[in-house]
Structure formats: structure tokens, C-alpha cells
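Below you'll find the structure, written out as C-alpha cells, and then a few comments.
The values are calculated or read from the model by the stated rules, or taken from the named source; none is laboratory data. Just so it is clear, the model here is predicted, and its values are computed rather than measured. Glycine gets a Cβ as well: all are built from the backbone with ideal geometry, and neighbour counts include every protein chain shown.
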Amino acid sequence: MLISKSRTNLWRTLAAVPLAFPICSASAQSVRPSVGLKVDHAVSFVRGTYHLKPAGVAAVDISGRGYTIDFKGVTLLGDTGSADGIKITGEDITIRNLDVSGFKWGVVLEGCKRIRLENCNTSWNANLKPGTVIDESGNAPEDDHGGGIVVRDSTDCHFERCTVQHQWDGIDLVRSSRVTIQNGDFSYCGNWGVHLWNSSFNVFRHNRAVWCTTGGGSLYQALSGWQTYDAQAVGIDHNSCDNIIEQNDLRFGGDGIFIRANEGPITPGTVVPVKNGSHRNKLLFNDCSFSPNNAIEVDLVDDTQIIGNNCSFSNYGLWLGYSRRCIVSGNTCVSDTNHCVEIENGQDDVFNYNVFSAGENARADYQMVLLRQNGRDKTPSGPYLFDHNSFYGKGTGVVLTDTAATLQNNTAYMPKGAPSTAFTIVKADAASKVTAAQPLIGNTRQLKALLPTHTLVPSKDFTFRLKEDIVEWPLPTVSLNGIPMWVRSSKHGTITVHVPEDNWLRPAADSMLLTIVSANGDTDSVPVKVAWSVSHAAVTSVTPQTGTIGNSIVIEGHGLNSGSILLNNRPAEIESKSDTKVVLKPLSGILLTSNYNLLWQSGEGRDARLLWPMKLTVEVPREQMPHLIGAEFSPKQLHVGDLIKVKMTVRNNLPIDARLTVSPPPPFTYDETQASYEMGYNETEGYLHLRVSTDFFVGGHHPGSWPWLFGFDKSLLKPGETITVMGYVRAKTPGKHVYRIGLVAGGFRFIDDNAYQTQIEVLP
């Protein structure tokens, strides 16, 4: 169907100045959306829900210039995810209130200028299976898997208040510039919330992109630190420079923000500078906390500004490998599992006015910042400058390995009752060059009591006052029940933090303890009342939160009868249920200590609403797990084209049956260049399977992707029973290579990892 108008000379003249003379008929046509609809001027649509099934092309094609379309009251639904919903090729077009789902891409912009999307919902489009491995080299845009919005070869576009959730990618910018994305929600995506590839001078501001990780936040593996397949709330690749990522909620991403350059060096034999590096990006005042990997990772790029971000409760707060001339200022890194900061072979980075802390349960040997020369190449480590940073708690502030650094004007704060000897500002090996001034020792409990001014309401900003002023920079660390909040402002003793309604990882509480750590010192904890929304179910307790095989699980709270309970995105088996109490049946399919995301859900599909997830653990001691008890590769020397045989034996040590993956059935043979996930052989949650990998890139597959999966010849392994599997890989790459085996609990993690490593020589 084609909607068009004759274009007179006057019409062309008006179109040439769209801002002053919008192209719109006084009596715009009212049409029904249909497959093949082409629009090139302002129209109105008949309200309703339209099920469209395009074949290979976009359902609706929008082109032309200088007009506005309002889709209010119109819902477009696809059913295959193989074709796109809306395709836009034009200039100076505004689209409002679009609601599109069920397509490959909800909206595609190609070669556009000055397109505006306002109040649009492009959620629930194409999504790949959790754990899908894609090319992570960065040398291709990876924009062919689908999601909410993709912008290709476009400039000066604007996206305002758009909701783009529950799909593979939220929004991709490819070869596009001067695009502004703000006040939107790009959460629960399985790959990226926003991805920039060869796209510069863009702005991503005041958005929410939480739980952008494999499974979109529904699976506990997204928190376990096992494998999130390089999912990120914000991903920046391949010559994407001078972008601004500012004041966004990016919690619980596989990474919060990841800037990478994986395409190799410009000069062979070196590491930096790199090809197509993404330089001079600004990461400002974002909440990147609760990443199972890195709150912020900046690899192999130059001149990044990392200022005022919350990088707490992650595996690493900041990972800046081979970074150069970065400015790291005013960030909060608290309770990060491994280190607040780690850098290998970085150069000329400056750290000032940051807050580093191991958290309330600090280990005595905790290293807040680790700076090292990794020994793999000659790229030097350092020099670094640490100036006016605050180190709180036990452990060591900065550890140097073959690194040059200067530390000056830093302050150490001890927990109450801890001796000053519990903290060491710097430890350096003999190969390091360090200039370190003795840190100032802060007085604990220096600040006067807090004066909260009102009850805390989750999902809103919370403002309170101290009885005295504190320095305005760095921003103070404000914790509720030990969790650092996103500090929005701090001025003259008045502090405003954002308190999320979702994703607390713990039961709801009617009162929380509020604590501050700042450059002036810290405070005693003060209780603050919490008012949860009555329209939102609340879980107040889960018993036991750590159980054993065979236990029932008791969930208490209010509003529980109106929805359903999910465990890792699957309906839980219910023994009994009321508005205040739900009892779950003992969990089945346990193979190892298993962590679950327990969620409450109301509604179905695109209308579903989720409570914040909570961690539920079922413990299995390692000696009771299934294990590899024997394996062998043969022969140790062979020729190109010959088969490598691998023999693997597994024993079930559980007190219950272990479920086994039966596809591909043994004995199965892979060509070296094949990968199981490309052949349709994928892991199943709660089932054992075997993996084999090697130490080199083979057929374009990263060795960390473990390309060869092997199944068993039956579906159950009884307690105490053993089973042996044979498999084969046809060798094609000459050389000496190390092969290794893993036993995997599907959907969770490796039980036995990098086992039975064997060197095999492949002759021409």
C-alpha cells in the first residue's frame, strides 16, 4: 500500500524548510497499518492492535522529510522475529508513541538525518538464547541479531523517553554520529543495552539500562561471575570516539560499561596503539554497580574520562588494561570482590578524589588497587599518579608489580576500633619505582549525626542533611544496609541519592541503616524508614536462603497471591500459596551449589512486571558433585586430517540422579573448524555435558568459547554410577597445541574446568 501526494514546485519549496513549515495536511488520512505500507508524509492511524507478518522486509516503510506521525493507540505485533517492524529512511521526521514488538528489529533507521523518536516502546523483539556466543573481535558491528532500535549511517537523531527492553540488543548505533539518547529505559537485554560501533560524538544520558546480561536478569548466572558472554549495559567498539555516557543507571550488567579494542595493534610486535581504538570517551556520573565482571572496563584505549561513577559490589570496580592517559576522578569503588581497580600495562593514568574500600567485611589481605606489568610483552606499567584519594578499611591501598607510581595527599580511614596498622598505603616489588607520601589518617566517626528529612520511597530520589558541611568533591559514599547508592548531588551538607525500587538482591525491609563515608570521615549508621509501593508485591523473607538438596523453600511477604514465582526464569513448583506466604517444593535437577534468581512476576509476556530478584542458594559440597574421574587424548602426535580421540569418564557423587545431555550422541566427530553452538547443539540448564577446547583460535572460534560439546548415551546417571564418553576432533592446524576438558552443569558453570590438559603435535 502506498500513501503519497503529488509534489508541486511549491510543495518542494515548503519541504526544503521543514522546521518552519511542517508538511502536514489539514485533513490527514486515517489508515490501518498493513504489511507493505509506505508512508512519506503525515498520516493518522486507526487505533487498534495489528498483527503483521512481513516476509523479509519491514512491515512499514517511512520515508520523506519534514513531518510528524503519532502512533498513539496503535500496537504493531510481529510473530516471527525474522523481519523488521518499522524502517525509516528520511530527514526531519518525528515519530511519537510507537508500540512495536515481535519483530527482528522494532525500528530500523538507515541513512537518516534529524529523526526523532518520542515516547516509543520497541520492546520484546528478537532475542537469542541465553549464552549464545557471537563474534567479540569488534571488527564487525554485530547488528544482524535483532532488538529494539538499530541506527545505521545516520546523523543528528534524537531518542526521548523510549522504552526498549527484553530483547537481544536495546539500541545499536552503527556508523552514526551526533545521536542523543536520553530519559529512556533499555533494561533486561541479553546482549547490550546500547552498543556503539564506528559511531562518535553521541550522547547516552539519563537512561536506565539495568540487567543487561545473558538472560536479561532472569538467570542467576548473570550474577555468579561465571560467564556473561561479554554482555554489557553500554558497549563501545571499533573507532567509536568522543561519546558521552552520563548519569545512567547501569546496574547488574555483564559489565556496566565496556570500551574495548580487540582488533590488534597498528604496529606488529607491539600491543598499543591499536587498530580502530575507541578514544576520548567520557563516562560521567553513572551507577555501574553490581556487575559480576567489571563495573567499568576500558581496554586498550586512550584519554578516557571516568568521573563520578558508582563502581561498587562488582567483581572488579575498574579494569583498565593497557589504558593510557585516562582521568579517573571522584568514583566510588566499595566491596568489589577482587580489586577496586586493576590495570595491566597501563600508562600515564591519573587517579584523584576517588573512594576505595573493601567494604564492611574487609579481608586483612585485601588489595584495593593492583597495578602490574603482566610479563607478556614489553609495554611498561606506569607511571601513575594517585592524588587526594580516600582509602577506607583494612588491607592495602595500592600494590605495584614492576610499575612506576606516585602517591600523594591521600587519606586512609580505619573502621571503628581498627588500629592504623590494619592499613598499608602501598606495597611494591623490587622492580617498581614508587614515590609515596605517608597518607593522612582520618578520624573515624568524625561526622555528626545524620538528619533524614523524610521517609525513603524506593524509585525516587532521597534527600537528607548532615549537621555540618562536607567537601563537595569527591561525592560521598552513601550506603543503605551496606549497599552504596547512586549519589546525585552533594552540596553544603545536603545530599541527594537515587534509591531504586528493583534489584535489591535481598528481602524488602521496612527500615534501613544509612551510612556515609566521605573525604571528611564517616558516620554512625542511622535507621531510615522505607515506604514500599502498595501496588508492588514485597518479599520480606526467604527461608532458608541457603539450603540443601531436598529442602522446601518458604517465601513470606505481601501481595504474593496475585502473581507467580520464577526461579531462573522458570515457574517454581508450588506446595501451597497465599497472599502472605508461598511454599515451594524441593528443587530438582541440582548438580552443584546452585544460585537462583527468585523473582515475583505479575502478568504475562510483554505485560509482565517483575519484582527485584533475590538470591537463593542450594549448597552441594564439592565432594558430592559429579566429577570427571578420568580422561585421555590420543594420539599425542598425528597429521593434519587425522582424528584426535578423547575419552572422558564421569562419576555421579550426588545423593540423587544427575540429568545428562544426550545431544550430540556419542561417539561424535567434529571438524576442527566447527562449533557445537553453530550446529544447534546447546547446553540445557540442569543437565551435565562435556566440553573440549584448545589454546588457539580455531575456525574463528575463541578458545574460551569451548567450541566442542559432547553428550552422553543416556539421560540419567544414578548415584555412585560412572559413564564413559568417546568423542573425536579432526585436526587441521599444524603445530603443538594444548587441549583440555571441562565438565559443565548446563546453565550454571563448569564443575571441572581446564582439566586433563594435554599437548598434541599436529604434523603437516
For the stretch 146-164, give me each residue that is part of a loop (DSSP other than H, G, I, E, B) and β-branched (Val, Ile, Thr).
164
From the list 365, 377, 402, which one is on the phi > 0 side of the Ramachandran plot and among the acidic types (Asp, Glu)?
402
Touching a helix residue (DSSP H, G or I) at 6+ places or on another chain (Cβ under 9 Å) and free of Cβ contacts under 8 Å to residues at least 60 places away in the same chain: is that true of residue 364 in this structure?
yes
When you check residue 704 against the structure, is it out of contact with any strand residue (DSSP E or B) (no Cβ under 7 Å at 6 or more places or on another chain), in the same structural domain as residue 752 (by TED's automatic domain parsing) and either aliphatic (A, V, I, L, M) or at positive phi (or both), yes or no?
no
Is it the case, given these coordinates, that residue 131 is without any contact (Cβ under 8 Å) to a residue 40 or more places away in the chain, in contact with a helix residue (DSSP H, G or I) (Cβ under 9 Å, 6 or more places away or on another chain) and not acidic (Asp, Glu)?
no
Pairs, please: C-beta under 6 Å, at least 6 apart or cross-chain, first residue assigned to a strand (DSSP E or B) and in the stretch 242-256, second of a type in the set (Asp, Glu)?
249/287; 255/297
Of the candidates 606, 506, the one satisfying the condition of being modelled with pLDDT under 85 and within 30 Å of residue 79 (Cα to Cα) is 606
Of all residues in the stretch 632-648, count the ones that are out of contact with any Asp or Glu (no Cβ under 9 Å at 6 or more places or on another chain) and of a type outside the set (D, E, K, R).
6
What number of residues within the stretch 293-335 are closer than 20 Å to residue 516 by Cβ and either among the basic types (Lys, Arg) or in contact with a Cys (Cβ under 7 Å, 6 or more places away or on another chain) (or both)?
8
Considering every residue within the stretch 192-215, establish whether at least one is touching a Cys at 6+ places or on another chain (Cβ under 8 Å), aliphatic (A, V, I, L, M) and either in contact (Cβ under 8 Å) with a residue 40 or more places away in the chain or buried (at least 24 other Cβ atoms within 10 Å of the Cβ) (or both).
yes
Residue 585 - would you say it is outside the structural domain of residue 691 (by TED's automatic domain parsing), modelled with pLDDT of 85 or more and farther than 30 Å from residue 668 by Cβ?
yes
Given (1) in contact with a strand residue (DSSP E or B) (Cβ under 7 Å, 6 or more places away or on another chain); (2) part of a strand (DSSP E or B), number of the condition residue 490 does not satisfy:
(1)
Can residue 471 be described as out of contact with any helix residue (DSSP H, G or I) (no Cβ under 7 Å at 6 or more places or on another chain) and in contact (Cβ under 8 Å) with a residue 60 or more places away in the chain?
no
Could you please let me know if residue 222 is free of Cβ contacts under 8 Å to residues at least 60 places away in the same chain, buried (at least 24 other Cβ atoms within 10 Å of the Cβ), out of contact with any strand residue (DSSP E or B) (no Cβ under 6 Å at 6 or more places or on another chain) and over 28 Å from residue 475 (Cα atoms)?
no
Residues located in the stretch 274-325, provided they are acidic (Asp, Glu), over 19 Å from the mean Cα position of the chain (by Cα) and assigned to a loop (DSSP other than H, G, I, E, B):
303
Pick from the stretch 165-191, criterion over 15 Å from the mean Cα position of the chain (by Cα) and part of a loop (DSSP other than H, G, I, E, B), ranking: surrounded by the fewest Cβ atoms within 10 Å (Cβ to Cβ):
183
Search result, residues across the stretch 626-646 that are of a type in the set (A, V, I, L, M, F, W, C) and either at pLDDT below 95 or part of a strand (DSSP E or B) (or both)
628, 629, 631, 633, 638, 643, 644, 646
Could you list, in sequence order, the residues of the stretch 409-436 that are loosely packed, with under 14 Cβ neighbours inside 10 Å and either at pLDDT 75 or above or assigned to a strand (DSSP E or B) (or both)?
409, 429, 430, 431, 433, 435
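In the stretch 676-694, how many residues are in a loop (DSSP other than H, G, I, E, B) and either over 19 Å from residue 218 (Cα atoms) or not charged (D, E, K, R) (or both)?
Residues flagged as in a loop (DSSP other than H, G, I, E, B) and either over 19 Å from residue 218 (Cα atoms) or not charged (D, E, K, R) (or both) within the stretch 676-694 amount to 7.
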Out of the stretch 203-217, which residues are of a type in the set (S, T, N, Q) and at pLDDT below 90?
214
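For every residue, the table says whether it meets (1) outside any strand (DSSP E or B); (2) crowded, with 17+ Cβ neighbours inside 10 Å.
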site	(1), (2)
80	yes, no
100	no, yes
125	yes, yes
135	yes, no
I'd like the full set of residues that are over 18 Å from residue 650 (Cβ atoms) and in a loop (DSSP other than H, G, I, E, B), limited to the stretch 712-761.
731, 732, 733, 734
Taking residue 367 as meeting all but one of (1) crowded, with 24+ Cβ neighbours inside 10 Å; (2) of a type in the set (S, T, N, Q); (3) under 23 Å from residue 414 (Cα atoms), write down the number of the exception.
(1)
Checklist (1) polar (S, T, N, Q); (2) closer than 17 Å to residue 505 by Cβ; (3) part of a loop (DSSP other than H, G, I, E, B) applied to residue 262, failing item:
(2)
In the set 333, 340, which member is modelled with pLDDT under 95, buried (at least 24 other Cβ atoms within 10 Å of the Cβ), closer than 20 Å to residue 422 by Cα and not basic (Lys, Arg)?
333
Looking at (1) in a strand (DSSP E or B); (2) within 20 Å of residue 608 (Cα to Cα); (3) among the charged types (D, E, K, R), which one does residue 92 not meet, given that it meets all the others?
(2)
